[in-house]
Amino acid sequence: MTVDLSTWTPRQRPGRTPLKGRFCTLEPLDPARHGPSQYTHHTTLDPDGVLWRHLPYGPFHTEEAYRAHLERQAVSEDPQFFAVVDAVRGEAVGVASLMRINPEHGTIEVGHICFTPLLQRTPAATEMIRLFAGHVFDDLGYRRFEWKCNNANDASKRAAERFGFQPEGVFRQHMVVKGANRDTAWFAMVDGEWPQLRAAMDGWLAPENFDAEGRQIRPLSAFKG
């Protein structure tokens with residue numbers, strides 16, 4: 001597809017400002033504030049460290065080691081890390097980042113997604129993507145929002161497609177992670193797709209789509225048509 005980009009100009013980099021939703025707020029990562037609750041939830045709800053399997057770091061066996069890890073993340077400019085703060089609990093239940101930030105071409109990736117079990121498969125997890133994508137496309141005017149993961153991580157690939165990221169192939173023998181080969185699956189959504197995806201996410205996240213126990217009434221796929 002040929003698109004006239006003769007008037008294209010580089011976009012701004014994302015800022016370190018909170019992104020607030022109904023279920024969660026994305027706050028610039030603060031190890032002192034966000035670390036203790038996450039370490040507790042990781043160690044008590046995932047004692048075997050299964051959730052760290054596909055990440056290049058972790059699990060962490062002491063709170064001091066985890067705090068040092070978060071401190072390295074907090075000062076990074078790219079990736080730029082955020083804590084996912086649950087609106088009801090008022091505490092951090094996950095971390096995610098904006099990374100591979102390329103203002104010149106208008107591309108950016110969501111990555112380093114590390115949810116505690118309290119965040120997995122919740123409305124807040126979907127809202128996290130809605131907040132990031134809205135910031136990327138609506139606030140900053142980027143053209144492309146990417147998601148990449150280990151091709152062996154079936155749960156991550158299912159999540160990407162549920163959110164509306166389109167599969168674009170697999171980079172074979174892309175990395176060596178924790179002493180093993182990583183083939184990387186690539187997904188992306190682009191600016192022309194975002195209005196429909198935004199409407200679908202907003203419809204799914206609306207209060208009327210949840211019953212009194214907080215269970216969804218219609219799945220996100222129904223809103224995407």
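The values are calculated or read from the model by the stated rules, or taken from the named source; none is laboratory data. Note that the structure is predicted; figures quoted are calculated from it, not measured. Cβ atoms come from the backbone with ideal geometry, glycine included; neighbour counts cover every protein chain shown. For accessibility, only protein heavy atoms count, side chains too; no ligands or nucleic acids. Shrake-Rupley method; radii C 1.70, N 1.55, O 1.52, S 1.80 Å.
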- Task: Show the residue pairs that are 6+ apart or on different chains and have beta-carbon atoms under 8 Å apart, the first residue being within region 1-21 and in a loop (DSSP other than H, G, I, E, B), the second being open to solvent by 80 Å² or more (accessible area, probe 1.4 Å) and at pLDDT 90 or above.
- Result: 10/104
- Qualifying positions in region 124-161 - within 14 Å of residue 202 (Cα to Cα) and basic (Lys, Arg): 130
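Restricting attention to region 68-84, report how many residues are part of a helix (DSSP H, G or I) and open to solvent by less than 20 Å² (accessible area, probe 1.4 Å). Walk me through it before giving the result.
Here is the first cut: in region 68-84, the ones part of a helix (DSSP H, G or I) are 68-74.
Subsequent filtering for residues that are open to solvent by less than 20 Å² (accessible area, probe 1.4 Å) retains 69-70, 73.
Within region 68-84, residues that are part of a helix (DSSP H, G or I) and open to solvent by less than 20 Å² (accessible area, probe 1.4 Å) number 3.
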- Message: Being within 20 Å of the chain's Cα centre (by Cα), within 29 Å of residue 205 (Cβ to Cβ) and not aromatic (Phe, Trp, Tyr): is that true of residue 55 here?
- Response: yes
- Considering region 15-34 alone, what residues qualify as being over 14 Å from residue 96 (Cα atoms) and at pLDDT 95 or above? 20, 21, 22, 23, 32, 33
- The one condition residue 178 fails out of (1) in contact (Cβ under 8 Å) with a residue 40 or more places away in the chain; (2) within 20 Å of the chain's Cα centre (by Cα) is (2)
- Contact list, first residue from region 209-225 and of a type outside the set (Gly, Ala, Ser), second anywhere and open to solvent by 60 Å² or more (accessible area, probe 1.4 Å) and part of a loop (DSSP other than H, G, I, E, B), beta-carbon distance below 8 Å, six or more apart or interchain, is 209/217; 209/218; 210/217; 211/217
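Among the residues of region 85-97, is there at least one that is among the small types (Gly, Ala, Ser), more than 18 Å from the chain's Cα centre (by Cα), under 19 Å from residue 124 (Cα atoms) and open to solvent by 50 Å² or more (accessible area, probe 1.4 Å)?
So the first thing to find is which residues in region 85-97 are among the small types (Gly, Ala, Ser), and the list is 87, 90, 92, 94, 96-97.
Applying the additional criterion that residues be more than 18 Å from the chain's Cα centre (by Cα) yields 90.
Cutting the leftovers down to under 19 Å from residue 124 (Cα atoms) gives us 90.
Those left that are additionally open to solvent by 50 Å² or more (accessible area, probe 1.4 Å): 90.
Checked region 85-97: at least one residue is among the small types (Gly, Ala, Ser), more than 18 Å from the chain's Cα centre (by Cα), under 19 Å from residue 124 (Cα atoms) and open to solvent by 50 Å² or more (accessible area, probe 1.4 Å).
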- Query: Quick one: how many residues across region 98-123 are closer than 20 Å to residue 35 by Cβ and more than 14 Å from the chain's Cα centre (by Cα)?
  - Reply: 2
- Across region 35-66, which residue is most open to solvent (accessible area, probe 1.4 Å) among those that are within 17 Å of residue 97 (Cα to Cα) and not aromatic (Phe, Trp, Tyr)? 56
- Query: Residues of region 191-223 being open to solvent by less than 50 Å² (accessible area, probe 1.4 Å) and touching a helix residue (DSSP H, G or I) at 6+ places or on another chain (Cβ under 9 Å), which ones?
  - Reply: 194, 197, 200, 201, 203, 204, 205, 209, 210, 214, 220, 222
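Residues 139, 154: which one is at pLDDT 95 or above, open to solvent by 70 Å² or more (accessible area, probe 1.4 Å) and under 21 Å from residue 27 (Cα atoms)?
Of the residues listed, the single one that is at pLDDT 95 or above, open to solvent by 70 Å² or more (accessible area, probe 1.4 Å) and under 21 Å from residue 27 (Cα atoms) is 139.
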- Message: Restricting to region 98-124, and then to whatever is among the polar types (S, T, N, Q) and assigned to a loop (DSSP other than H, G, I, E, B), can you tell me which residue is least open to solvent (accessible area, probe 1.4 Å)?
- Response: 116
